[in-house]
């Protein structure tokens with residue numbers, strides 16, 4: 001019997017990248033996956049891939065900034081035969097902007113998707129996980145939540161806040177003895193479609209000193225910035241997320257797991 005057989009997992013930002021890989025990973029190990037994304041077509045594609053592989057999943061449109069959409073998504077899980085045991089807050093948004101010209105609306109957008117989205121997922125998800133007998137929340141942060149980066153103040157601030165909120169809520173769950181563990185994952189450079197969304201000027205900034213001008217390929221950027229010289233794959237991040245949701249991690253809560261090829265080791 002697969003480890004997640006008879007369990008349901010809700011994943012945000014599951015229409016591509018780390019979210020899609022995580023959805024496929026949990027489904028391959030028996031879970032019913034609630035694939036949520038702002039982009040309905042992307043969510044549907046992830047479900048199609050899961051079902052082609054013999055898994056079970058349902059696509060749900062979810063704008064993580066909106067509490068009523070969270071409530072509607074969880075209402076769907078409430079009616080399903082499979083109890084919710086894990087929430088993975090993967091939806092994210094980054095911008096590259098000079099702090100002194102960045103608008104407050106830009107800052108609020110990044111905070112709303114990264115921080116408020118994770119908060120709402122925990123606010124409404126944790127009571128359901130506890131009711132099912134316990135489980136886990138995994139919040140996808142970033143190494144930008146651990147270290148600073150010029151022109152990424154909004155993203156660093158949001159991901160740093162996700163890191164500390166994770167620890168606070170993990171302790172709150174521990175106080176309640178509700179059997180819900182809460183951890184954060186901090187990827188470095190990951191080969192996802194998000195890299196293709198940056199124009200050449202932004203890519204040059206992201207590559208940093210030693211990076212090639214206009215690079216849009218994560219692996220090329222990783223040659224300059226990652227000590228082991230390669231970018232992570234979405235599947236590698238997904239494996240760690242699944243581990244944190246498993247019984248093997250039952251004594252891990254309030255932790256931050258860094259997956260960056262050594263970028264923050266120095």
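For this structure, a couple of remarks:
- To the nearest ten degrees, helix 153-176 and the longest principal axis of the Cα atoms of the chain are 30 degrees apart.
- The percentage of C-alpha pairs in the range 108-152 whose separation is greater than 15 Å is 56%.
- Cα-based helix-to-principal-axis angle, 234-245 vs the chain, degrees rounded to 10: 40 degrees
- Computed extension gain for residue 108 through residue 252, at 0.36 nm per residue and net of the alpha carbon distance, reaches 48.7 nm.
- Over the chain: helical MRE at 222 nm, DSSP H runs n ≥ 4 each giving -39500 (n - 2.57), nearest 500: -13000 deg cm²/dmol
- Normalised contact order of the chain, rounded percent, pairs of Cα under 8 Å and 6 or more residues apart: 18 percent
- Theoretical FRET efficiency, 1/(1+(r/R0)^6), r = Cβ-Cβ of residue 3 and residue 98, R0 41 Å, to 0.05: 0.30
- Correct option for Kirkwood radius over Cα pairs in Å [calculated from the coordinates] among (1) 19.5; (2) 29.0; (3) 18.5: (3)
- Between helix 117-131 and the chain: long-axis angle, C-alpha atoms, 0 to 90°, nearest 10: 20 degrees
- The alpha carbon centroids of the range 81-110 and the range 134-195 are separated by 11 Å.
- Antiparallel %, DSSP beta bridges [both residues in the range 1-130], to 5: 0 percent
Here, each number is a calculation from the coordinates, and none is a lab measurement. Computed from a prediction, not measured in an experiment: that's the story for all the values here. Using ideal geometry, Cβ is built from the backbone for each residue, glycine included, and neighbour counts are taken over all protein chains shown.
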